[in-house]
Each structure stands twice: as structure tokens, then as C-alpha cells.
Amino acid sequence: MELNKQESFKFYQLKPVVSDWIKKVCSQDLLLTTALENYGSPINIHHVPSFKNNLLSFKSIFDSFGLKNKIYFARKANKIIAFPEAAFRLNEGIDTASYRELAQCLEAGIHSKNLLVTAAVKTKKLLALALDKEVAVVLDNWDEFHALQQMAFERNKSIPVFLRLSGFVVEGKTLHSRFGFSLEEAFEMVKNHFSGPSALVHLKFVGFHFHLNGYSIPERAEALLQTAALIKRCIGLGVKTQILDFGGGILINYLKSEKQWSKFHKASKKSVLNQGPEITYQNDSLGMAVYQDSILNEPLVYPYYNEVHSCDFLKEVLSYKDASGTTVAAVLKDLDVEVRIEPGRSLMDQAGITVARVCFRKMDTAGNLMVGLEMNRTQLRSSSADFLLDPIHLPQSKVEEETVAGFLVGGYCLESELILKRKIAFKSMPQIGDLFVFVNTAGYMMHFYESEAHMFELAQNLIYDSRKNNLTTTV
Ligand SMILES: *Cc1c(COP(=O)(O)O)cnc(C)c1O
């Protein structure tokens, strides 16, 4: 087998944004190789100060608009308990999506008022725990409302509830969602169950909630304005809305260069139409559908490059103007509501990396270089068709620098088991024992889809302490 012979190839770089702590960790081979020896490959490394900075910078945006605010970290984006604990220490909150997410937060000593349940399916067991500890629940449908009301009555417990909203109309179209109540239904519910002498005693209405699919600024702003109108109608019923929670979906930016991002897209479209060289494994279309000579849709990938992201994204939502020229922030301030968000991914920005070891190199039947990593695809996976960031290659021995191209493959016994679908350029031929670092994986990538197929163990989660310069294990 001849590994070094490669025909000339074209490759498209997607250089990630890399924060200082990651650079520092990557400069210490011994720290990483020791951790891999101790815990196996791959490992997930987390950095709590990055999380805190992200959270505090969102707060500063709300503060600058003079809005009462509280940030609830959507912990489904990452499993380790250190992030909820850090949010609690700042007296912010955690949005939980399952019984175990909630139970673990409670066991960690996080107060009920800093917790929220938004789970898509709320089992009796989950509702019982929420009732027992008086944790606020976001109601999504009538069955949930009746179940919670019944259980609260039986236990003679009272808890705060939010109503989840959907069906916002933007540019004449209803935003589709499987979640929540329509604005009209929510109004009826407030009227019939949360106002006047017939108001329920066990369920205390505290506010409205929504979480929109996608990453549109105008859609979020319009939904906020429509919720504000609903809040005003409720005032007419004598019901005060204390809190308006507009969920997550704040865009982040993963990549350094807009140019690389657009070049990659142009090339991938050409290649899908067979007008250019393959840049993904077996010319994977990344979700683009082709009909005759045209591409019908954009690739189904996260928009990894964004000019307007993080704090600027939030600022633009709040600065959006209604038809009369009043900003969303001014409308919300006038209502005297506490404004909340539930960011997942955006609080995880730069808060984690995944490191794996090279196990083998080989050629496939088409002559492509395959670099086998001691990890599997579910350990670097989100709903995006591919993770479009170049990994960092850390050679563990001195070899001649010569760029080679190939694919990173993993441990599941599937032909489709690619860690990255994109062809990657390596600055030198990867050697057995070399490390690959995947940057910015804490949000969804490392945990959301990880599975134990083949009875592989889940990756060990570690926390990096910059001051002590060490790694410790965590759950
Ligand atoms: C997933 C989710 C979030 C977090 O979304 P991000 O895009 O990660 O910010 C917030 N709220 C609800 C209800 C969710 O389902």
C-alpha cells in the first residue's frame, strides 16, 4: 500500500475561530496524550469561563436596553453539570428538557426558581418532580394543562406556568410549528383559567414563552411584537404578564473567513452538478437535491459563517422597529416584563473541544486516503449535514511536511461512517497516534446524538482549568 502517492487535488479550507484557551491546550501534547491514555479516545474538553463570558455578554445587551432580564441555559445543548452550576452561581437559570436534566440540577443544589421545564414530552414523573419542587413549567398543549392541573390539585401544590406560543404571522405567512398554542387559544386560556374569580388556584400564570425554529431576526422580533399585543389584551382581563421568554436560536459564528465559506459553497454546488472535483465523500450533496441540471435547495447545514451573530444578533432583535417606528426593546420595557432567553448553542460558543487519536491509515477502493480515528460519527454530530470546520491536526512525531488530502472515518461498521464528509487537507501525512482536535463542539456536536452502538463507551467529559492548567473529569 502506497499512502504517499496522491494525484494533485483541490481543497477548500474552512478555518475555525479558535479562542486562546484552545490554542493553549493544543500547544501541550503531553496534557492531551496523557488524558487520552487515561480516559480513552475521544475526550471532550470543556471551559466554563467561556460559558460565563457568553452569558454575561448577553446580559449586558439587555442591561444596555434597560430591560429586566434572566438567561436560562438550554442544557440539552450539552450534558455536563458544570454549566448549569455556573449559571446558578450567577443567579441565572437553566432550561431543562427531561426528567433527568431536571433531577440532576436539583440534586446539584440549584434552586427551583432558577429552573424551568420546557420538555417536549412531559411525563407524569417529570410533572410530579416539578410540582414537588415548584419548578415552573412551560405548557405546550391542553393535555399537558389538564394533567398538570389534575396533579397539582391532588397534591395541593401550586406552581408557576408559562404558555408556549406559536402560529405567529410574518409577511402574511404563519410560521409553522408543532409546538405551542395559537395566540387566540392562549388568550382564551388566560381568560377562562387565569383571570377573574374562576382563576385556577394551583397553576399560577407567570408569562408567555416561544422558541422559533431557524435563525431569523425579523421573525423573532415580529413574534415578540405579537406577544406584546397579546400581553396588552391580557391586561384588559386584569392579568399581568410577568415574564416573556423568547427561547434560543441565537446565531453564532464558527469560521474566520467569509471568503472561504462562500468559495466552499460554490465548489460544493459545482461538484454536486458534476461540474467540478468531488469535495465531499462520494460526492455527498450535504442535503442539496438535484433535478436535471439545477439544485433545488440550499445544503442542509448550519450557517457556520455569520457576520451578525451572538450579542449583535440579540441587539438587532431588540432594535427591530414596529410599523410605528418603536423598537421591540421599547415595547417590552413599556410592558414592564422580565425578558428571558434560553440560549443553548450560543452559550456554548468556544466552550468545548473534542480530541481523538489516529488509529490507522488506508486507501479505499477509489484510492482515497482514509484516516481512522478512535471515535465515531455520533460523537461529532448535530442536525447539520456536516460539521464544516477544519480540524486541527497535531502530529506526534516529526514527519516531512507535505500536504495530503483525505477523509476522517470512525468506528461504526458502516460505509457511511465518516467523521467529516468533507475532504480534508492535512499539512503532513497523519501518523498513528497523531491527534485531531475538533474546535467548538460543546454546543450539540459532542452530546446531542452520541450513542453507544457496538457497545462503545461514551466519551469522557473533562474540564480545563486555565489557572491550574489541568484537566479534571466531570459528569
Ligand atoms: C433547543 C431549545 C432551545 C435552545 O436553542 P439554541 O438554538 O441551542 O439556542 C431553547 N428553548 C427551547 C424550548 C428549545 O427547544
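Which percent, nearest 5, of DSSP beta bridges in the chain are antiparallel?
Roughly 50 percent of the beta bridges in the chain run antiparallel, per DSSP.
Set the Förster distance to 35 Å, then compute FRET efficiency between LYS232 and LYS204 from the Cβ-Cβ distance, nearest 0.05.
Plugging the Cβ-Cβ distance into 1/(1 + (r/R0)^6) gives 0.95.
Counting other C-beta atoms within 10 Å, which of THR403, THR378 has the fewest, and how do the rest follow?
By the 10 Å Cβ count, ascending: THR403, THR378.
Using 0.36 nm times the number of residues separating LYS240 and LEU414, minus their current alpha carbon distance, what extension gain do you get?
Working it through step by step, the gained length comes to 57.1 nm.
Between GLU452 and GLU258, what's the calculated FRET efficiency when r is the beta-carbon distance and R0 is 35 Å? Round to 0.05.
Calculated transfer efficiency: 0.35.
Once the other residues with Cβ under 9 Å from the Cβ of ASN114 are scored (Lys, Arg +1; Asp, Glu -1), what is the net sum?
Spelling it out: positives minus negatives among the neighbours equals +1.
Could you list the residues of segment 213-244 with an amide nitrogen less than 20 Å from a label point located 7 Å from the Cα of THR327 in the Cα-to-C-beta direction?
Under 20 Å, as judged by backbone N against the label point of THR327, lie 216-229, 244 of segment 213-244.
Test of understanding: given the chain, find the longest segment containing no trypsin sites (Lys or Arg not before Pro) that are in a DSSP loop and have at most 10 other Cβ atoms within 10 Å.
So the longest stretch without any such site is 179-397.
Let me check the size of segment 1-114 from its C-alpha atoms; what are the radius of gyration and Dmax in Å?
20.1, 66
What is the Cα radius of gyration of segment 131-255 over 2.2 N^0.38 Å, N being its residue count?
Relative to the rule-of-thumb radius for its length, segment 131-255 sits at 1.12.
State to the nearest 20 debye the size of the charge dipole of segment 70-186 about its Cα centre, where the only charges are +1 on K and R beta carbons and -1 on D and E beta carbons.
320 debye
Over 23 Å apart: what share of the alpha carbon pairs of segment 273-395 falls there, rounded to a whole percent?
58 percent
Add -39500 (n - 2.57) for each DSSP H run of 4 or more in the chain, then divide by its residues: what number comes out at 222 nm, to the nearest 500 deg cm²/dmol?
Helices in the chain give a 222 nm mean residue ellipticity of -9000 deg cm²/dmol.
What net charge do the residues around ALA229 carry, taking every other residue with its C-beta under 14 Å from that of ALA229, with Lys and Arg at +1 and Asp and Glu at -1?
So the environment of ALA229 carries a net charge of -2.
Placing +1 on the Cβ of each Lys and Arg and -1 on the Cβ of each Asp and Glu in the chain, which of ASN53, LEU471, TYR291 has its Cα farthest towards the positive end of the resulting dipole?
Going by the Cα projections, it comes out as ASN53.
Considering the chain, what Rg and Dmax in Å follow from its alpha-carbon atoms?
24.4, 83
Set Lys and Arg Cβ to +1 and Asp and Glu Cβ to -1, take the dipole of segment 115-166 about its Cα centre, and tell me which of LEU115, LEU148, ILE159 lies farthest positive.
Farthest towards the positive pole: LEU115.
May I ask for the longest run of the chain untouched by GluC sites (Glu not before Pro) that are loop-located per DSSP and have at most 13 neighbouring C-beta atoms (other than their own) within 10 Å?
My reading of the result: 8-170 is the longest stretch.
How much net charge surrounds LEU139 when only the other residues with a Cβ under 13 Å from the Cβ of LEU139 are counted, with Lys and Arg +1 and Asp and Glu -1?
Local charge sum for LEU139: -2.
Pop out the Kirkwood hydrodynamic radius of segment 229-312 from its pairwise C-alpha distances, inverse of mean 1/r, in Å to one decimal.
Roughly 16.4 Å, rounded to one decimal.
How big is the charge dipole of the chain about its Cα centre, in debye rounded to the nearest 20, if each Lys and Arg gets +1 on its Cβ and each Asp and Glu gets -1 on its Cβ?
Dipole of the chain, to the nearest 20 debye: 700 debye.
Can you give me the long-range amide H partners of PHE181? Hydrogens built in the peptide plane at 1.01 Å from N, cutoff under 5 Å, separation of 5 or more residues or another chain.
Excluding prolines and chain starts, which carry no amide H, the hits are ARG164, LEU165, SER166.
Got a sec? How would VAL17, VAL355 order by Cβ neighbour count within 10 Å, fewest to most?
So the residues, fewest neighbours to most, are VAL17, VAL355.
Over 31 Å between C-alpha atoms is what I'm after, so list which of LYS70/LYS191; LYS269/LYS362; LYS133/LYS173; LYS10/LYS315; LYS122/LYS468 land there.
The answer is LYS133/LYS173; LYS10/LYS315; LYS122/LYS468.
Relative contact order of the chain, please, whole-number percent, based on alpha carbon pairs below 8 angstrom and at least 6 residues apart.
Relative contact order of the chain: 22 percent.
Work out how much length GLN431 to GLN150 would gain on full extension: take 0.36 nm times their residue separation and subtract the Cα-Cα distance, in nm to one decimal.
Net length gain for the segment: 94.9 nm.
Just rank MET151, MET446, MET429, MET455, fewest to most, by other beta-carbon atoms within 10 angstrom.
Arranged by neighbour count, lowest to highest, MET151, MET446, MET429, MET455 become MET455, MET151, MET429, MET446.
Please state, rounded to one decimal and in Å, the Kirkwood hydrodynamic radius that segment 366-475 gives when every pair of distinct Cα atoms enters the mean of 1/r.
About 15.4 Å for segment 366-475.
Quick note: the coordinates plus some simple rules give every number you see, no bench work behind them. What you see is a predicted model; the values in this text were computed from it and never measured. When we count neighbours, we look across all protein chains shown, and the Cβ atoms used for this are built from the backbone with ideal geometry, even at glycine.
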